[in-house]
Amino acid sequence: MNKLKLLLALAIPLVAFAFLASCGDDNDSSSQDGTAGSITLYSGRNENLIGPIIQQFEDATGIKVNVRYGNSADLALLIDTEGSNTPADVFISQSPGAIGFLNGEGHLRPLSASVLNLLPEDSRPADGTWVGFTGRQRVLVYNPEIVDVSDLPSSVFDLTDPSYSGRVGIAPENSSFQDFVTAMRINQGDEVAEQWLKGMASNNSPNYPKNSAIVDAVIRGEVDMGLVNHYYLLRVLDEEPNASGVNHYFAPDDIGSLVIATGAVVLNQSDAPATAEQLISFLLSSEGQAYFGSALKEYPLGNAAPALPDDLPPLPELTTAALNWQELGGGLLRTVELIEDSGIKQ
Amino acid sequence: MTSVKKSHGKSHYFQTHASSVGRGLYLGMAGWSILLAVIFVAPFGYILFQALDLGVSWDDNFANSLVPLRNTFLLGISVALSAAVVGTGLAWLVVRTDLPARKVWAIAAPLPLAFPSFVGAYALIAGFAKGGFLEELLSPLGIHSLPSVYGFWGAWAVLTFFTYPYVYLPVQARLSTLPATFEESARLLGRRPLEMFATVVLPQTWTAISAGSLLVFLYTISDFGVPSLLRYLTLTRSIFDNRLFDPPTAVAHGLVLAVLAFMVIFAERIISGRGLSEEGHLSGDVAYRQALGRWRWPTTAVVAGWLGIALVGPLVVMGYWVVRGFLNRGRITGPLVLSFDGIWEPARNTLFIGVVTALVTVFALLPLARLTARYRSRLGAVCSSLVLAGFGLPGLVIALAFVFWVLRSPLVGFYQSLPLLVLAYSLHFGAQATRVSETAVETMPQQLEEVSHTLGAGRLRRFATVDLPLMSPGLLAGGGLVLLSTMKELPITLLLHPIGFDTLSIRIWAAAEELAFAQAGLESLVLVGLSAVLTWLLIVRRVRL
């Protein structure tokens with residue numbers, strides 16, 4: 001090895017660094033009226049799902065949206081850690097829970113009436129800090145080769161029956177499951193939620209880390225059925241049309257049919273709140289709502305929502321969009337505690 | 001047990017180290033190490049700050065850490081032990097025996113490290129869990145149900161499959177620089193292979209094995225993907241479970257995890273017998289090869305079987321996903337498509353960031369390794385422990401700590417830029433470079449260094465012509481570990497990459513999250529392919545096989 005090689009080996013990273021450092025940040029200047037030519041979005045919703053509609057927004061408005069994708073909870077923690085320095089203007093969360101966390105830490109900026117008015121009146125949160133623009137429904141996915149259709153319950157409360165012992169996969173650490181328990185608390189009280197959790201625990205319901213793992217396990221036949229969000233199976237069927245999985249919907253008025261909203265918020269620290277609201281309004285526009293319904297097979301939750309596609313049952317009555325965390329005793333921490341104390345976790 | 005006589009006389013024939021290498025250089029290394037310590041203490045400072053800020057209490061936040069602590073320790077030690085056995089065995093077979101197709105094994109053996117753990121574990125579940133490929137394969141033979149993959153044993157097995165390269169690479173590097181004199185003598189004395197392995201090879205590779213096993217332990221205790229998917233409650237899992245709604249508990253468990261990491265790092269320093277570690281010897285002879293005799297083919301079968309599960313198994317599953325997606329591509333609706341578009345740029349970025357991180361990390365930590373290994377400096381040992389412990393914390397904690405400090409520092413203008421992303425990777429993966437570099441420095445024959453000094457070679461020239469070539473197998477092994485780890489890293493990448501700088505691990509994660517397995521499989525195959533080429537270029541090509 002000669003000296004030249006060594007020097008090169010040392011110099012290349014240094015030069016690369018100097019170069020990269022020089023093109024460090026490209027902060028855009030925003031004007032006094034809260035608008036900007038570009039905004040930053042932290043999205044807990046996947047790029048595959050949200051990317052196309054962001055592109056449409058960019059094309060329609062000429063506004064550049066810089067998106068950082070990640071897990072909703074992780075991004076909420078990131079925003080909280082960044083505090084006043086956060087580059088984010090808008091945060092999109094898969095889970096109302098992460099929004100509740102940011103709300104509790106005081107990071108949310110109340111939305112204008114013009115944005116809130118894009119939602120049906122009963123879906124507007126009391127403090128007006130967030131909107132739920134699209135929803136995924138809770139369902140019971142089952143393996144038709146193992147489960148007889150007559151075994152399928154009409155209420156999620158039936159699942160605590162001993163006949164379902166060891167047969168229903170759940171994801172107690174997953175935000176969707178937690179949101180579902182929170183909704184059950186709001187809707188039917190802590191007592192009922194606690195009883196249900198204990199029932200599921202004594203039924204030894206197998207644990208999985210998340211929805212996708214449950215769907216996968218059901219299709220393999222490892223577990224008979226599982227509580228998940230509706231669209232995971234639809235995604236799997238895209239790639240594997242013969243996969244043995246079917247979504248079973250609980251009765252429309254059952255809490256088991258809860259629709260979990262994907263929410264959007266404007267952050268307190270945004271220097272372009274008007275542009276940020278413009279993006280959120282676009283998600284609630286007829287264009288945005290049509291995209292979520294037809295392309296993603298989700299439930300669009302805005303006033304501008306078009307008719308649902310044929311393969312989706314009608315929107316159930318309960319959506320998390322209408323649930324107000326603030327009124328809940330003990331907040332979301334209490335939900336996690338109830339889950340923890342029930343012994344449901346394995 | 002006869003063991004090889006260790007030469008720990010740090011050559012009295014020449015001048016003392018301080019004067020032979022120069023006081024200025026020593027001070028320079030010490031100063032640099034203190035700077036490193038200041039950087040590497042950041043995550044722990046952050047955890048302590050949070051603990052004080054949030055107000056943690058024993059009853060609410062620590063008492064419930066006992067079960068996860070016990071599990072974490074148990075899993076960490078078990079995986080470290082099994083990875084040590086497998087990694088050392090494989091390295092010895094590849095470097096020191098007449099195992100057939102050694103070049104193939106040499107490229108394949110480090111590769112399971114290239115799987116991002118969330119996809120790797122998924123693929124292993126698809127392969128081996130109930131209703132998986134293996135069960136379908138075995139069902140004609142009348143085997144209809146396999147043991148459950150969940151719980152301790154599943155997590156232990158999967159983690160062993162994915163982490164043994166942390167032992168394999170350093171041991172392979174050590175063996176390849178080790179003269180075969182002792183093995184020759186042992187053979188002439190009529191030692192059988194196994195006996196020789198125990199009495200000659202093991203003592204000479206002990207520090208490398210110990211260093212690698214420590215990395216395995218730290219990886220295991222900080223991994224989230226496998227314990228979460230395979231349902232085993234560890235501290236890292238409970239940090240994740242509580243991170244949003246019960247931050248004091250998450251922070252308290254983070255503190256427990258950090259203490260565990262430091263204790264094990266301290267214990268390893270003692271176990272690895274730092275004071276007695278063997279020094280390398282100069283020798284130009286061709287490495288000795290043990291003839292496996294009638295064990296040649298059975299051994300080959302075992303090696304092939306192991307790599308079949310750890311590497312080929314997941315690859316086959318991923319390949320199956322790709323083919324299935326390709327066959328059904330007409331049906332795939334919505335935004336999910338199988339395409340090569342958008343793979344090349346992330347692949348290029350992944351390669352770039354991996355190579356830069358590996359170079360920066362290895363060279364930044366080399367002075368520290370020298371200080372610790374050559375001078376037995378206490379300062380070096382403390383700094384080195386801090387660097388090591390950074391690998392024992394989950395990537396998410398490292399990332400948040402990094403954000404916390406950077407935004408309170410003059411570096412704030414570079415937030416979420418590439419240089420800081422590299423720095424954050426180094427913070428997490430520095431352990432892989434430093435511990436392996438220490439072994440490299442430590443086993444460098446000192447006589448040579450001093451001879452070259454006596455002959456009047458300049459410092460830089462000496463470093464370039466003497467030190468670097470001698471250490472290069474060790475440094476390449478350390479750099480290779482950092483490279484492969486960086487290329488698949490996810491949590492730090494997601495939070496800190498400059499927007500628009502997509503990497504393969506980001507793409508794979510995005511696809512896997514939406515169950516777009518064809519896409520995730522394709523991108524994973526590209527990542528593993530890239531890793532294979534780099535492993536060959538950097539490591540395999542340089543080792544005589």
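Below is a table of values for the structure above.
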| read-out | value |
| --- | --- |
| Protection proxy ranking of B:50-59, B:64-73 - average other beta-carbon atoms within 10 Å, highest first | B:64-73, B:50-59 |
| Convex hull projection area averaged over all views, the protein assembly as shown, Cα basis, nm² | 37.3 |
| Ratio Rg/Rh, restricted to chain A and using Cα atoms, in which Rh is the Kirkwood radius | 1.04 |
| 10 Å Cβ neighbours from other chains, averaged over peptide A:232-239 | 6 |
| Exposure proxy ranking, count of Cβ atoms within 10 Å, fewest first, for B:Arg507, B:Arg435 | B:Arg507, B:Arg435 |
| For peptides B:242-250, B:207-215, sequence by mean Cβ density within 10 Å, most packed first | B:207-215, B:242-250 |
| Bridge type composition, the protein assembly as shown - antiparallel percent by DSSP, nearest 5 | 60 |
| Length-normalised contact order of chain B in % [C-alpha pairs under 8 Å, at least 6 apart] | 24 |
| Helical mean residue ellipticity (222 nm; -39500 (n - 2.57) per DSSP H run of 4+; nearest 500) of chain B | -21500 deg cm²/dmol |
| Value of relative contact order over region A:115-221, rounded to a whole percent, pairs C-alpha under 8 Å and six or more apart | 32 |
| Lys pairs under 22 Å by Cα in the protein assembly as shown, provided they are eight or more residues apart or on distinct chains | 7 |
| Centroid-to-centroid separation of region B:72-118 and region A:97-175 [C-alpha atoms, Å] | 44 |
| Length-normalised contact order of chain A in % [C-alpha pairs under 8 Å, at least 6 apart] | 26 |
| Rounded to the nearest 20 debye, dipole of chain B from Cβ charges on Lys, Arg, Asp, Glu | 1400 |
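Throughout, read-outs are computed from the coordinates displayed, never taken from laboratory work. In this text the structure is predicted, and so the values were computed from the model without any measurement. Note that we place each Cβ from the backbone using ideal geometry, even for glycine, and neighbour counts take in every protein chain shown.
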